[in-house]
1. Quick one: dipole size for region A:432-496, taken about the Cα centre, charges +1 on Lys/Arg Cβ and -1 on Asp/Glu Cβ, in debye to the nearest 20.
2. Taking the Cα centre of each part, how many Å lie between region B:164-180 and region B:413-476?
3. Each residue of region A:379-384 in turn: what ³J(HN,Hα) in whole Hz from Karplus with 6.51, -1.76, 1.60 and θ = phi - 60°, glycine and Pro shown as x?
4. Could you give, in nm with one decimal, how far A:TYR327 is from each other copy of that position, shortest first, with labels 7 Å out from Cα toward Cβ?
5. If each of A:LYS122 and B:ALA400 carries a label point 7 Å out from its Cα toward its Cβ, how far apart are those two points in nm?
6. How would B:LYS401, B:LYS209 line up from fewest to most surrounding beta-carbon atoms within 10 angstrom?
7. Taking amide hydrogens as modeled 1.01 Å from N in the peptide plane, which residues meet the under 5 Å criterion relative to B:VAL305, leaving out close sequence neighbours?
8. In whole Hz, what ³J(HN,Hα) sequence does region A:117-134 give by Karplus (6.51, -1.76, 1.60; θ = phi - 60°), x for Gly and Pro?
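Every read-out reported here was derived from the displayed coordinates using simple, explicitly stated rules and does not represent laboratory data. Values in this document were obtained by computation on a predicted structure and should not be read as measured data. Neighbour counts are summed over all protein chains in view; Cβ atoms, including those assigned to glycine, are modelled from backbone coordinates with ideal geometry.
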2 protein chains.
Amino acid sequence: MSALSSRIVSAQEAAAHIRHGDRAGMSGFTGAGYPKEVPGALAARAQEAHGRGEEFSIELWTGASTAPELDGVLAGASAVHKRLPFQSDPTMRDAINAGRVEYVDAHLSHAAQQAWFGFYGKLDVAVVEVAEVLPNGLLVPGSSVGNSKTWLDLADKVILEVNSWHPRAYEGFHDVYYGTRLPPRRTPLQLLDPMQRIGDPYLRVDPEKVVAVVETDAPDRNLPFKAADESSRAMADHVVDFLRHEINHGRLPKNLLPLQSGVGNIANAVMTNLAHSEFENLTAYTEVIQDGMLDLIDSGKLTAVSATSFSLSAEHAAHFNENIESYKGRILLRPQEISNHPEIIRRLGIIAINGMVEADIYGNVNSTHVLSSSIINGIGGSGDFARNAYLNFFVSPSTAKGGAISAIVPFASHIDHTEHDTQILVTEQGLADLRALSPRARARKIIEHCAHPDYRDRLQDYLNRAVAASPRGQHTPHLLREALSWHETYQQHGRM
Amino acid sequence: MSALSSRIVSAQEAAAHIRHGDRAGMSGFTGAGYPKEVPGALAARAQEAHGRGEEFSIELWTGASTAPELDGVLAGASAVHKRLPFQSDPTMRDAINAGRVEYVDAHLSHAAQQAWFGFYGKLDVAVVEVAEVLPNGLLVPGSSVGNSKTWLDLADKVILEVNSWHPRAYEGFHDVYYGTRLPPRRTPLQLLDPMQRIGDPYLRVDPEKVVAVVETDAPDRNLPFKAADESSRAMADHVVDFLRHEINHGRLPKNLLPLQSGVGNIANAVMTNLAHSEFENLTAYTEVIQDGMLDLIDSGKLTAVSATSFSLSAEHAAHFNENIESYKGRILLRPQEISNHPEIIRRLGIIAINGMVEADIYGNVNSTHVLSSSIINGIGGSGDFARNAYLNFFVSPSTAKGGAISAIVPFASHIDHTEHDTQILVTEQGLADLRALSPRARARKIIEHCAHPDYRDRLQDYLNRAVAASPRGQHTPHLLREALSWHETYQQHGRM
């Protein structure tokens with residue numbers, strides 16, 4: 001990387017370029033491609049400043065969730081006062097729920113453009129991990145793209161981490177679209193299928209802005225792969241059976257439409273299920289490539305995947321890195337404003353599968369909060385995909401905490417996806433196809449097919465009494481006094 | 001209209017083609033371009049059947065809201081068992097809220113494609129009003145396009161109403177896009193500015209499917225123009241001042257970006273305000289052209305409007321019809337799947353202004369329901385525009401029913417637009433810019449700037465107590481027992 005080799009410094013020297021109060025845009029998406037060392041050095045700086053009685057904190061923007069070495073260490077050092085657009089780190093989550101960090105939970109397709117619009121203020125510094133800096137100054141991204149392009153373009157100063165853990169053969173796995181413009185000068189995205197290239201294989205950076213380059217050799221966060229449990233397998237069966245049903249009714253082609261699946265066990269189970277199914281020539285247009293999707297590629301069933309990031313177990317990451325050449329031409333990583341773009345999602349006709357925390361009997365979905373007040377992670381890309389999908393599924397076990405919590409409730413304690421956006425709810429109990437149903441008809445179906453038997457009668461009773469109590473409110477009958485009482489009961493007695 | 005003149009019959013004869021249980025797709029959007037006579041004849045048929053003790057009802061699809069001669073008369077005759085995707089008729093609303101009609105309240109950009117996908121079932125008959133049938137069989141639409149293209153394409157049988165009240169000069173005012181496809185064969189919409197044509201000036205119909213043509217001469221629904229009251233003018237001032245503020249901060253061009261405004265008094269007041277402002281060369285990419293927007297064209301400030309429909313007072317409709325030639329090249333009516341298309345709304349960077357029923361302190365917006373249970377109209381296009389807009393405003397007086405209801409509440413009793421989608425709330429009290437704010441910061445701003453002084457202290461007290469009660473729930477602090485208590489108090493005592 002001759003072009004920028006004169007800027008190579010230690011992580012500590014690099015972190016010294018970040019000042020108290022700065023807005024910092026860092027790379028990273030679902031624990032992949034985040035800077036490994038500068039955040040830790042920055043956290044140490046903050047702690048030293050705090051030790052001297054000085055204030056030191058930044059506003060932190062990323063692609064999405066990162067890892068203990070970024071969100072964890074900075075939150076642990078009280079070095080972040082504002083965070084966007086997504087996180088899933090336990091320490092950061094605690095800081096948000098304790099009121100110490102302001103969290104802006106945004107659609108992942110909105111973050112880059114709203115930063116460009118100037119809605120978030122000026123970006124002071126970008127900290128971006130790449131696999132390599134080419135002699136001509138172009139950057140080869142590694143295991144995620146996320147918002148790296150936007151942060152590199154917008155920031156006054158740039159710090160690069162060059163992580164030699166990423167194989168050099170990552171070159172050619174990325175498609176970075178440089179055609180975005182501000183309205184009114186935007187033009188159509190000429191993308192017609194998941195593997196089509198509309199951009200460059202490289203990230204660009206103005207070398208004048210690069211204040212530091214840090215060399216690292218560290219793996220992405222390694223989340224162990226959890227084998228699917230019985231409940232996940234049951235949900236995967238419901239989803240795949242329903243896809244067959246739609247093919248049989250002429251509403252889906254035999255090779256389906258491009259798949260999107262959120263992060264988690266159930267999504268992995270669906271992929272595993274598809275790997276052992278009759279389906280062939282599948283494609284995916286998604287955010288994240290998890291173990292299950294890599295297996296589906298290996299099985300030969302999945303021929304093309306567009307994503308913005310990987311999120312692999314240590315074993316699968318090692319497998320991918322060792323066999324990276326064999327995946328070339330079958331995987332493309334794009335900026336998240338493209339992977340999650342409403343225009344593309346609607347055009348391609350995505351089949352979207354995302355987890356949920358709870359759904360109410362009318363199909364409003366909570367993806368983010370526990371008991372109204374506490375955030376878990378954030379909405380991520382679930383809204384981008386659900387709203388614009390051809391078909392969307394929201395999946396969850398019907399109960400949590402050993403049965404103490406029902407995932408189907410009278411009124412969702414927080415709403416991220418409204419009745420207008422949700423189509424198909426799935427629990428291990430069954431599947432409720434809500435398309436073209438009125439709210440009352442939705443309620444009957446959700447209670448019958450998705451609720452756990454332990455809660456079914458009480459949900460039906462709530463619905464019956466709401467109907468009886470609302471002679472002029474039969475569209476979405478509710479009992480205002482009881483609507484949130486299940487959550488309140490749980491709060492007080494540890495059981496709904 | 002030589003091509004189809006042999007099919008001219010009475011409305012009664014035409015209505016005889018519609019059977020009990022049929023799905024009927026009718027034209028009409030915000031009281032414009034709906035069939036004037038066949039629905040009434042159909043209602044009479046239904047009543048006769050009911051008099052004989054027979055069942056008779058249909059499933060009714062439209063563009064959006066219609067008028068007493070369609071929704072009103074059919075609901076009054078109990079001739080509809082299911083309705084989508086939008087309505088605003090008092091008789092239909094009563095039937096829905098009494099539980100006699102199943103209502104599917106869908107995003108207006110979703111209806112046409114979901115009908116194509118087969119999610120709503122087979123369409124039996126289309127009843128579409130046009131301005132003229134050309135000798136070659138092409139149809140000149142009138143004052144709305146809505147879903148007419150889709151219903152004409154999908155239905156087994158077609159009934160046309162040719163309404164001579166529409167000026168013949170309507171020819172050339174429409175742009176009907178015939179490039180839609182089912183996934184995976186969709187392609188980009190090559191539309192770059194509001195007045196660009198991407199389609200044909202005519203609707204097409206397979207003449208073999210046309211079972212009846214009815215000649216009519218009747219005006220669209222005439223809603224009297226209500227002059228803006230003090231409250232509406234105050235809200236319009238807040239909106240326009242904020243647009244100036246955004247220009248001054250370099251976040252909007254001097255001629256703004258294309259405007260969308262929902263139906264209603266406040267939207268009209270914003271247009272009137274703009275007509276008396278310094279702004280020039282404005283454009284609009286919207287659903288509906290109301291009186292205020294026509295005035296803005298007449299003022300010379302608004303140079304181009306794309307919409308799917310008019311919604312004018314009798315005076316303004318007469319004015320438009322008399323001077324129609326002068327508007328040519330300045331107005332285009334498109335199918336609602338294009339006027340409301342996420343791809344275009346995001347690309348053009350729309351400034352969206354829509355009404356709301358209530359917002360909660362965290363910025364979740366209710367656009368559709370009263371006290372959780374009763375529907376008012378429906379979400380319409382507000383979700384299409386708000387989610388994909390460059391900037392979105394939600395506007396409402398801070399109180400209703402003479403102060404008995406606060407439009408700002410602890411927890412919205414129904415949620416149509418989530419915290420992730422809403423940007424700027426406006427009441428006559430002021431404006432809350434919620435961009436890039438955490439929920440707690442949003443709450444402080446909404447309470448301070450938007451709530452009515454009579455409710456401000458109680459909202460602040462709710463927030464303070466929720467913060468105190470939720471040491472581990474500081475992201476979106478709520479008191480579950482009280483969250484919906486304001487609505488309950490109103491239900492019981494007639495006052496929040």
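1. Rounded to the nearest 20 debye, it is 240 debye.
2. Their Cα centres are 45 Å away from one another.
3. Here the 3J(HN,Hα) series is 6, x, x, 4, x, 4 Hz.
4. The projected label point of A:TYR327 is separated from its counterparts by 5.6 nm.
5. 4.4
6. B:LYS401, B:LYS209
7. Amide H to amide H, under 5 Å and 5 or more residues apart or across chains, B:VAL305 pairs with B:ALA284, B:ILE331, B:LEU332.
8. 5, x, 6, 9, x, 7, 8, 7, 8, 10, 10, 10, 8, 9, 7, 6, 10, 6
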